[in-house]
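Worksheet: one structure, shown below.
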Amino acid sequence: MCGIVGAIADRNVLPILMEGLQRLEYRGYDSAGVAIRDAKGELKRFRALGKVAVLKELVGHSNISGDLGIAHTRWATHGVPAERNAHPQMSGVRVAVVHNGIIENHAELREQLLKLGYEFTSETDTEVIAHLMASKLESGRSLFDAVVETAAELEGAYALAAASPEDGDRIVVTREGSPLVIGLGEGENFIASDVAALLQVTRKFIFLEEGDVAEVRRDGVTVFDSGGEEVVREVKESLLSSDGADKGPYAHYMLKEIFEQPGVISETLEGRIHRGRLLEDSFGHETKALLDRTKHVQIVACGTSYHAGMVARYWLEEIGIPCSVEVASEYRYRKVVVPDGTLLITISQSGETADTLAALKGSRSQGYIGSLTVCNVPESSLVRESDVCFMTRAGTEIGVASTKAFTTQLVALRLLTVAMARRQGLSHEQEAVMVNELHALPRQVEVVLQLADSIAKMAQGFADKQNALFLGRGPFYPVAMEGALKLKEISYIHAEAYPAGELKHGPLALVDANMPVVCALPDDPLLEKVLSNLQEVRARGGELFLFSDHKVHIGLDHYRNLTLSDIYPGTAPIVYTVPLQLLAYYVALLKGTDVDQPRNLAKSVTVE
């Protein structure tokens, strides 16, 4: 879950490294560091606890510059957040290493290196890598050979980059289970864990495959596969925009990304619907044949993406397609029974979520007819590993708490539902209704965003609260789960979500005047059931915070309500998500938390 960036050039690379780290800070912000080769050919290391800005200030006071460097922003796995555990990790002055991933056999390797006389100054598995490489260099190996031999001894997932003053005109990188890309320039080249880190210097990238080792020099790049054979990897030009790095007039990236939702929903729909019809060919020619064979859907995802999958289950089963949804970290470790004709759908914003990616790789021997991923990053591992992909077009999402990625995932899954419904006998008239609901969605979200000031006032009711309960029925149960997740992620309020009908089976014991209860009240067949559940809350003194359709008569006392208008039933779960995002945001402001980078969390979970 850490961020890696490196560069070799005929100019000072330090500004490139610092800019790259800031663009990667969403991946980890416990600490940051850089190792740069100075005019004497020596590696100088700077590390700082906290965010990249602290490191930037430290480096700025040093007046250091150099033509080669590697840098890192860390989210702690092995070892507490501390300067000693920050990367780069070094073995004396011989080699510097930055690393993303987890080395599972680090303890036994550490014991071997201690016996050889190496001293450890950190608790990280990365320092093991540095000393192991140093032992190879000491025996006369080149940096490239040292990396190859070291990688052969590592068990686990990793992306790593190494630099050494003993072999000073190259950076050597390798990956296994964690992403790493090489950016190509003119007389200069770059490495990073994410293309977003390098968009300010290049748009040409090589995406390393599992087990690849690469030598990155000023004048070129040489790649070797896991078997040691030199290979030519395709150079791809990224279409990603770097605009996401600018907050514009917004106080936080999260708020900016919430307000970007009408635009990115329109982008996700663009070219996929026209005149009341779904343009199925826009999914890619392979998708049609895959959907024709699909009799059952298995969705695997994590976190917010898992909630999107749960909403999709309601949609798919409503049209007659059996659907199962499971958290990837559980799915990958159990024996599964795959019904005939099952399509595996993975969902991920980053496309690098470790558990989801592992589940996809493990599925190849389980009898699925194929795999489809709903993803936001076209250059990601999930996209490359899946049979077909459905891009959400949300653009760069920097806030750790996902907002626009979630709503565009739901849009993509709704489009897939329309495609599957065709195969279940959907009439042209019914399809037109579903498509027109999607067409109206961006405007509906815009109208909800106009309620932001009112939602900010509603949030004041949470200022002194430590717990909250979110309720929903049908597809609004996973919407409630997403609302609770947003609140706990960024405000640190303990929040739980329950199906409203489960209140009497335990959660009602928690309800009192200090337990705010949040609920969406769409005008749907379950409305009267939900209102009855809310009466139970009021009878126990619970404080209600409601979002309702303008046609709903609530008939309760002592509640706060905001009315949403012109919400269509098929896309209502998407629309009702937006006020819950805003509620979490404004509560976090009142609590004074770090909205964009909440404690203990990272944007892209690329380790178990």
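So, by mean Cβ neighbours within 10 angstrom, what's the order for 163-176, 437-450 with the highest one leading?
On the way: 163-176: 22.1, 437-450: 18.1.
Highest mean packing first, the order is 163-176, 437-450.
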(message) Please report the spacing between the Cα centers of the stretch 164-199 and the stretch 459-507 in Å, no decimals.
(response) 43 Å
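Taking the Cα centre as origin and putting +1 on Lys and Arg beta-carbons and -1 on Asp and Glu beta-carbons, what dipole magnitude results for the chain, to the nearest 20 debye? Spell out each step's value before the answer.
On the way: 60 positive and 81 negative charges, 223 e Å.
It comes to approximately 1080 debye.
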(request) Could you check how many percent of all C-alpha pairs in the stretch 243-395 are farther apart than 28 Å? (result) 22 percent
(request) Read phi for every residue in the stretch 496-502 and hand back ³J(HN,Hα) as whole Hz from Karplus 6.51 cos²θ - 1.76 cosθ + 1.60, θ = phi - 60°, with x for Gly and Pro. (result) 10, 10, 9, x, 4, x, 8
(request) Would you mind listing how long the stretch 464-561 runs along its three principal axes, going by Cα atoms, in whole Å with the largest first? (result) 34, 26, 25
(request) Starting from the eigenvalues of the Cα gyration tensor, five times each then square-rooted, give me the equivalent ellipsoid semi-axes of the stretch 185-305, largest first, whole Å. (result) 34, 26, 15
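Can you tell me, using C-alpha contacts under 8 Å and at least 6 residues apart, the relative contact order of the stretch 1-46 as a whole percent? Write down the numbers at each step before the final one.
Working: 35 pairs, mean separation 14.4, N = 46.
Value for the stretch 1-46: 31 percent.
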(request) Just list whichever of Lys457/Lys591; Lys465/Lys591; Lys51/Lys247; Lys288/Lys404; Lys247/Lys488; Lys486/Lys551 have alpha carbons separated by over 20 Å in the model shown. (result) Lys288/Lys404; Lys247/Lys488; Lys486/Lys551
(request) Read phi for every residue in the stretch 193-207 and hand back ³J(HN,Hα) as whole Hz from Karplus 6.51 cos²θ - 1.76 cosθ + 1.60, θ = phi - 60°, with x for Gly and Pro. (result) 7, 7, 4, 4, 5, 10, 5, 6, 10, 7, 10, 9, 9, 10, 9
(request) Place a +1 charge on the Cβ of each Lys and Arg in the stretch 1-121 and a -1 charge on the Cβ of each Asp and Glu, then give the dipole magnitude about the Cα centre in debye, rounded to the nearest 20. (result) 120 debye
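Take the Cα gyration tensor of the stretch 276-320, multiply each eigenvalue by 5, square-root it, and list the three semi-axes largest first, rounded to whole angstrom.
Working: eigenvalues 92, 34, 31 Å².
Ellipsoid half-lengths, sorted descending, are 21, 13, 12 Å.
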(message) Compute the helix-to-body angle for 476-491: its Cα long axis versus the longest principal axis of the chain, expressed 0 to 90° and rounded to tens.
(response) 50 degrees
(message) On the principal axes of its Cα set, how long, how wide and how thick is the stretch 507-564? Give whole Å, largest value first.
(response) 30, 20, 16
(request) Stick to the Cα atoms of the stretch 100-208, pair each with every other, and give me the Kirkwood hydrodynamic radius in Å at one decimal. (result) 14.9 Å
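Mind ranking 333-340, 379-386, 560-567, 354-361 by how tightly packed they are, going by the mean number of other C-beta atoms within 10 angstrom, highest first? Don't skip to the answer; put the middle values down first.
Numbers: 333-340: 10.6, 379-386: 21.0, 560-567: 16.8, 354-361: 23.6.
In descending order of packing, they fall as 354-361, 379-386, 560-567, 333-340.
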(request) Let me have the 222 nm mean residue ellipticity of the chain computed from DSSP H runs of 4+ only, each contributing -39500 (n - 2.57), with the sum over all residues rounded to the nearest 500. (result) -10500 deg cm²/dmol
(request) In nm, give the distance between the simple-model label positions of Ala251 and Asn600, each being 7 Å from the Cα along the Cα-to-Cβ direction. (result) 2.5 nm
(request) List the residues whose amide H sits under 5 Å from the amide H of Val374, counting only those 5 or more places along or on another chain, with H placed 1.01 Å from N in the peptide plane. (result) Thr346, Ile347, Ser348, Phe390
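What full-extension length gain, to one decimal in nm, is calculated for Val93 and Gln460 as 0.36 nm per residue of separation minus the Cα-Cα distance? Mind showing how you got there, number by number?
Details: separation 367, 0.36 × 367 = 132.12 nm, distance 5.44 nm.
Gain in length upon complete extension: 126.7 nm.
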(request) State whether the stretch 41-93 is rounded, prolate or oblate according to the following rule on the C-alpha gyration tensor (a ≥ b ≥ c being the square roots of its eigenvalues): a/c under 1.5 gives rounded; otherwise a/b larger than b/c gives prolate, and the remaining case gives oblate. (result) oblate
(request) Determine, at each q value in 0.15 (inverse angstroms), the log₁₀ of I(q)/I(0) that the Debye formula gives when each Cα of the stretch 1-156 is one equal point scatterer. (result) -0.76
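Sum up the charges of everything whose Cβ sits under 14 Å from the Cβ of Glu326, counting Lys and Arg as +1 and Asp and Glu as -1, but leave Glu326 out.
For residues surrounding Glu326, the net value is +2.
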(message) Through the Karplus equation 6.51 cos²θ - 1.76 cosθ + 1.60, θ set to phi - 60°, convert the phi angles of the stretch 528-538 into ³J(HN,Hα) values in whole Hz; use x for Gly and Pro.
(response) 5, 4, 5, 4, 5, 4, 5, 4, 4, 5, 5
(request) Could you estimate the translational diffusion coefficient of the stretch 8-76 from the Stokes-Einstein equation, with Rh from the Kirkwood formula over C-alpha pairs, at 4 °C and 1.567 mPa s, in whole µm²/s? (result) 110 µm²/s
(request) Would you mind putting 344-353, 467-476 in packing order, based on average other-beta-carbon counts within 10 Å, highest first? (result) 344-353, 467-476
(request) Rank Val128, Val93, Ala39 by how far each Cα sits towards the positive end of the charge dipole of the stretch 1-153 (+1 on Lys, Arg Cβ; -1 on Asp, Glu Cβ) and give me just the farthest. (result) Ala39
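Across the stretch 495-608, how large is the tail of the calculated P(r) beyond 25 Å, expressed as a percent of all Cα pairs?
Details: 2098 of 6441 pairs.
Beyond 25 Å sits 33 percent of the P(r) for the stretch 495-608.
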(request) Quick one: grab Rg to one decimal and Dmax as a whole number for the stretch 351-489, Cα atoms only, in Å. (result) 18.4, 53
(request) Taking amide H positions as placed in the peptide plane 1.01 Å from N, state which residues far from Gly185 in sequence (5 or more) or on other chains have amide H under 5 Å from it. (result) Phe190
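Rounded to the nearest angstrom and ordered from largest down, what semi-axes does the equivalent ellipsoid of the chain get from its C-alpha gyration tensor (root of 5λ)?
Numbers: eigenvalues 403, 149, 94 Å².
So the equivalent ellipsoid measures 45, 27, 22 Å along its semi-axes.
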(request) Let me have the relative contact order for the stretch 30-93, percent, based on Cα pairs under 8 Å that are six or more residues apart. (result) 43 percent
(request) Mind pulling the angle between the C-alpha long axis of helix 143-153 and the longest principal axis of the chain? Nearest 10 degrees, somewhere in 0 to 90. (result) 50 degrees
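Bear in mind these aren't lab numbers, they're just calculated from the coordinates by the rules spelled out. From a predicted model like this one, the values you see are computed outputs, not experimental measurements. So basically every Cβ, Gly included, is an ideal-geometry build from the backbone, and we count neighbours across all protein chains shown.
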